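Student: Before we start, here is the structure in question, set down as structure tokens.
The values are calculated or read from the model by the stated rules, or taken from the named source; none is laboratory data. Predicted model, so just to flag it, every value in this text is computed and none were measured. Counting neighbours? That spans all protein chains shown, and the Cβs are built from the backbone with ideal geometry, glycine included.
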């Protein structure tokens with residue numbers, strides 16, 4: 001179906017990203033790999049959100065609601081880490 | 001008293017008892033919640049009465065410590081999750097919100113009814129846990145006691161709270177979408193009544209905080225049920241992680257409790273001083289600021305938990321910051337009274353009581369935000385007094401004020417004014433007699449959650465129990481005269497208070513579809529004539 | 001607010017309701033982000049505290065199955081998006097084919113998960129008294145693995161239930177269920193996104 005060409009391209013991109021992170025395991029373990037794995041995951045998330053979940057078309061309030069959950073989770077993570085990362089440092 | 005009855009409205013629209021349990025009408029759902037939470041309040045109050053009677057004797061002559069532990073757990077769980085959190089949003093919010101914005105109903109009426117059933121399912125589990133013997137962990141369920149050592153019915157209690165949490169989430173979701181999408185023509189954001197703003201801010205918290213409670217209880221239950229865990233020190237887990245996750249929800253939860261009350265108080269002050277709210281936009285923004293900042297302060301519950309001192313400093317600073325918008329609100333309420341034509345009707349008495357008691361509670365919150373002071377009063381009656389001042393002196397009084405204010409709209413009838421005013425005064429006096437001595441007790445060192453205490457605290461405890469008796473009487477009176485007025489009160493008419501607000505432009509009680517014609521808004525909120 | 005024909009008003013109302021539904025569903029998805037997010041935070045904390053144990057744990061996972069499952073879910077999201085497009089075009093048959101593909105792939109995912117879980121049981125890697133080796137941080141890794149993938153699998157089951165309901169709604173006689181497909185689609189994509197983050201957390205470290 002012609003109309004599905006763009007969706008197929010999106011899928012191809014997603015599978016390529018997956019192949020990238022799978023292939024990264026061929027290299028020896030290294031510190032940058034964690035960041036890379038998460039970065040690839042975030043790219044997949046962005047692609048799915050924009051194209052499959054149609055956030056590219058739905059602007060404004062929908063995008064704010066979509067971003068709110070992640071933003072709030074970030075607040076939780078940052079402040080909890082403020083405890084764990086500083087334990088034993090200050091007395 | 002005339003024989004005229006008010007128009008039948010929504011109360012008579014769907015006949016029969018069963019219709020109440022299938023209703024999609026937000027007004028009826030609000031009443032369903034009213035009955036439920038009143039029942040839960042009585043259960044929580046009964047536990048409090050037992051505790052206060054037990055505390056009449058320093059040696060704990062009435063009940064053993066284990067029973068006492070189960071009582072304060074019951075009191076906390078029931079009062080917080082099944083009374084305070086749903087009270088204003090689910091009773092007054094459900095009833096008033098669509099009316100106040102000129103809508104027919106909320107955005108998702110079936111979800112609204114489902115929320116009530118979910119709430120009742122959670123409540124049933126909690127009642128089962130209580131009847132089966134209760135839980136002794138405190139409402140805070142700290143690990144590893146709750147997950148490993150406690151012998152109570154922790155799973156059932158936690159499951160009940162977990163389920164009730166979804167009721168909160170769905171209510172918040174419904175309100176957010178309703179306020180965004182269903183406002184009447186001309187009703188721009190800055191023409192909304194502050195009660196609506198408060199429901200919006202509350203709903204944001206409900207939606208973003210409650211899921212964390214859910215996952216925390218789930219992980220605790222996993223640890224308890226399967227003997228595995230992430231909070232278990234024996235395998236390298238950290239009990240503090242439970243506290244971080246628990247309080248990430250539970251601190252914003254207290255703002256869920258107070259923000260709707262603040263919204264109600266703004267309505268009451270405007271109406272009964274016949275003045276525009278001073279600094280309306282600032283008041284609206286303050287509600288949102290409290291909601292947002294309230295998410296960043298939870299570590300002040302953990303100052304002595306062995307979290308890092310650095311984190312403690314950060315949380316202390318943020319806790320001071322969150323008091324600023326609350327203080328701004330108190331100043332603005334006071335300024336609203338200036339040169340107003342004040343009518344000391346019952347709702348106004350409750351609103352004035354709210355400001356006085358919330359201010360005291362809030363100021364003592366500043367003491368607790370100071371790390372150094374909190375180290376000494378953490379775990380004492382100072383904390384107990386602080387949160388009862390804001391939650392009972394504040395929130396419950398705001399709730400009662402709102403109930404009395406909107407009672408004519410809900411029932412179509414007026415309550416008896418002088419009994420109602422007397423009850424408000426009795427509640428105010430009883431409350432202070434109960435809880436002020438507890439500030440002193442805490443400062444002097446009496447720990448909370450103890451059934452037995454040193455004899456030097458005896459007198460103050462007797463004072464506190466005497467106050468509780470007076471407070472109980474004060475709460476009992478509305479339970480009598482409000483139902484009475486439902487059947488025998490004088491008809492109220494559409495706008496007995498001569499208040500602004502869209503809900504007063506329709507009949508009392510309203511027809512099922514709320515408005516005969518969708519109202520169009522052209523005026524600013526609280527459009528009272530300026531003082532001469 | 002005035003319109004000249006009844007159908008214009010009703011399609012305007014439908015469009016309004018569609019936006020309302022969408023906003024409601026995104027609010028719900030935000031709550032789900034926080035629900036799963038709590039466990040992600042727990043993972044981050046313990047990964048920071050016990051990096052070696054977490055890398056060792058990830059090496060015990062079946063990389064091939066995990067990667068395959070990720071691909072399965074990505075393809076299922078593609079079919080879901082395709083089905084959403086078909087619904088909006090009114091193409092009942094295409095919608096049906098797409099929904100069946102999504103459901104099949106969902107079942108495949110759960111099947112592979114079952115195989116993985118079974119091998120964990122067989123290797124005594126399930127946290128609890130039966131845990132092989134020393135009880136310690138590795139057990140925390142495994143607890144988080146089961147809790148997070150388990151809740152994810154539960155959400156997949158709910159999703160499969162919703163897909164089945166859509167197939168029933170799509171059956172002849174009634175209008176094509178455009179709105180329900182859109183809503184279930186958003187949910188399905190979200191559940192896929194959760195897995196997209198579970199994959200690098202549980203299968204990639206230490207390799």
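Student: Enumerate the pairs (first residue in region C:1-21 and more than 24 Å from residue B:174 (Cα to Cα) and away from chain B (no Cβ under 14 Å); second residue anywhere and surrounded by 10 or more Cβ atoms within 10 Å (Cβ to Cβ) and at pLDDT 85 or above) with beta-carbon separation below 9 Å, excluding pairs fewer than 6 apart on the same chain, so at least 6 apart or on different chains.
Tutor: Going by the 9 Å Cβ cut-off, the qualifying pairs are C:3/C:12.
Student: Listed residues B:444, B:433, B:476; which is under 20 Å from the mean Cα position of the chain (by Cα) and free of Cβ contacts under 8 Å to residues at least 40 places away in the same chain?
Tutor: Numbers: B:444 fails: under 20 Å from the mean Cα position of the chain (by Cα); B:433 fails: under 20 Å from the mean Cα position of the chain (by Cα).
The match here is B:476.
Student: Something else: Collect the residues in region B:182-199 that are within 22 Å of residue B:278 (Cβ to Cβ) and surrounded by fewer than 24 Cβ atoms within 10 Å (Cβ to Cβ), keeping them in residue-number order.
Tutor: The answer is B:187, B:188, B:189, B:190, B:191, B:192.
Student: I would also like to ask the following. Scanning for something in contact with a helix residue (DSSP H, G or I) (Cβ under 9 Å, 6 or more places away or on another chain) and farther than 25 Å from residue B:405 by Cα, does region B:89-96 turn up at least one residue?
Tutor: Checking region B:89-96: not a single residue is in contact with a helix residue (DSSP H, G or I) (Cβ under 9 Å, 6 or more places away or on another chain) and farther than 25 Å from residue B:405 by Cα.
Student: Is there a residue in region B:503-516 that is assigned to a helix (DSSP H, G or I), without any contact (Cβ under 8 Å) to a residue 24 or more places away in the chain and over 27 Å from residue B:39 (Cα atoms)?
Tutor: yes
Student: Residues in region C:161-181: is at least one within 14 Å of chain A (Cβ to nearest Cβ) and within 14 Å of residue C:77 (Cβ to Cβ)?
Tutor: yes
Student: Determine which member of the set B:254, B:264 is part of a helix (DSSP H, G or I) and within 19 Å of residue B:383 (Cβ to Cβ).
Tutor: Numbers: B:264 fails: within 19 Å of residue B:383 (Cβ to Cβ).
Only one candidate passes the filter, namely B:254.
Student: Of everything in region C:29-66, what is more than 9 Å from every other protein chain (Cβ to nearest Cβ) and closer than 17 Å to residue B:165 by Cα? Give them in sequence order.
Tutor: Scanning region C:29-66 gives no hits.
Student: Something else about it: Among the residues of region A:1-16 satisfying the criterion of being facing chain C (nearest Cβ under 9 Å) and touching a helix residue (DSSP H, G or I) at 6+ places or on another chain (Cβ under 7 Å), which is surrounded by the fewest Cβ atoms within 10 Å (Cβ to Cβ)?
Tutor: Top of the filtered list is A:3.
Student: May I pose another question? Looking at (1) more than 12 Å from chain C (Cβ to nearest Cβ); (2) in a helix (DSSP H, G or I), which is the only condition residue B:175 fails?
Tutor: (1) is the only condition that residue B:175 fails.
Student: Suppose we filter C:151, C:125, C:105 for residues that are within 13 Å of chain B (Cβ to nearest Cβ) and in a helix (DSSP H, G or I); which single one remains?
Tutor: C:151
Student: While we're on this one: Among the numbered criteria (1) at the interface with chain C (Cβ under 9 Å from one of its Cβ atoms); (2) in a helix (DSSP H, G or I); (3) buried (at least 24 other Cβ atoms within 10 Å of the Cβ), which one does residue B:229 miss?
Tutor: Answer for residue B:229: the failing condition is (2).
Student: If I filter region B:470-492 down to residues being surrounded by fewer than 16 Cβ atoms within 10 Å (Cβ to Cβ) and touching a helix residue (DSSP H, G or I) at 6+ places or on another chain (Cβ under 8 Å), which single residue comes out as nearest to residue B:392 (Cα to Cα)?
Tutor: B:473
Student: Moving on to the next point. Could you list, in sequence order, all residues of region A:18-54 that are touching a residue at least 24 places away in the same chain (Cβ under 8 Å) and within 9 Å of chain C (Cβ to nearest Cβ)?
Tutor: A:18, A:44, A:48, A:51, A:52
Student: What do you reckon, is residue B:279 in contact (Cβ under 8 Å) with a residue 24 or more places away in the chain and either buried (at least 24 other Cβ atoms within 10 Å of the Cβ) or within 14 Å of another protein chain (Cβ to nearest Cβ) (or both)?
Tutor: Details: in contact (Cβ under 8 Å) with a residue 24 or more places away in the chain: yes; either buried (at least 24 other Cβ atoms within 10 Å of the Cβ) or within 14 Å of another protein chain (Cβ to nearest Cβ) (or both): no.
So residue B:279 does not fit the description; no.
Student: While we're here: May I ask you to verify whether residue B:457 is crowded, with 16+ Cβ neighbours inside 10 Å and under 27 Å from residue B:89 (Cβ atoms)?
Tutor: no
Student: Can you give me the number of residues within region A:40-61 that are modelled with pLDDT of 90 or more and closer than 30 Å to residue B:297 by Cβ?
Tutor: 2
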